[in-house]
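Each remark here refers to the structure printed beneath this line.
The values are calculated or read from the model by the stated rules, or taken from the named source; none is laboratory data. Predicted model only: the values in this text are computed from it and were never measured. Reconstructed Cβ throughout: ideal geometry from the backbone, glycine too, with neighbour counts over all protein chains shown. Accessible surface areas use protein heavy atoms only, side chains included; no ligands, DNA or RNA. Shrake-Rupley method; radii C 1.70, N 1.55, O 1.52, S 1.80 Å.
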Amino acid sequence: MAIKVSVEKAAVQGGIGCCKTSIHELQTASSSLQRSYQRAGSGGWRDQKYAALGGIVGECCAALTKPVAELQECMVKLEALLKAISDYEQISL
């Protein structure tokens, strides 16, 4: 039994846009967190608690940026799918 699949270019383009937005937001949040931590240190706060917080901030930044590679891989696949859809639409029977 044949399975019919319908994929709209707009849906794939939307998925690519979501990936781009997610990557940007994750990287921005990580950078912002790191900058805030550094500002606290440049403001004179440099004790054991600051050092401990540095470890936590580092872990948080790593967790925030961890999905970026997967999202980039997803974008590559979605762009390939978008190209395949475009190529298919160019075929005239």
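Listing for the model above:
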quantity	calculated
Every pair of residues 6+ apart whose Cβ atoms lie under 9 Å, when the first sits in region 21-43 and is closer than 14 Å to Leu71 by Cβ while the second is open to solvent by 80 Å² or more (accessible area, probe 1.4 Å) and modelled with pLDDT of 95 or more	Ile23/Gln72; Leu26/Lys66
Odd one out for Thr65, checked against (1) touching a helix residue (DSSP H, G or I) at 6+ places or on another chain (Cβ under 6 Å); (2) open to solvent by less than 50 Å² (accessible area, probe 1.4 Å); (3) among the hydroxyl-bearing types (Ser, Thr, Tyr)	(2)
Selection within region 68-87 - in contact (Cβ under 8 Å) with a residue 12 or more places away in the chain and loosely packed, with under 14 Cβ neighbours inside 10 Å	Gln72, Ser86
Per-region count, region 23-47, residues part of a helix (DSSP H, G or I) and either at pLDDT below 90 or of a type in the set (Lys, Arg) (or both)	5
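Let's see how each residue does on (1) open to solvent by less than 70 Å² (accessible area, probe 1.4 Å); (2) on the phi < 0 side of the Ramachandran plot; (3) touching a helix residue (DSSP H, G or I) at 6+ places or on another chain (Cβ under 9 Å); (4) among the β-branched types (Val, Ile, Thr):
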{"position": "Glu8", "(1), (2), (3), (4)": "no, yes, yes, no"}
{"position": "Gly14", "(1), (2), (3), (4)": "yes, yes, no, no"}
{"position": "Cys19", "(1), (2), (3), (4)": "yes, yes, yes, no"}
{"position": "Leu53", "(1), (2), (3), (4)": "yes, yes, yes, no"}
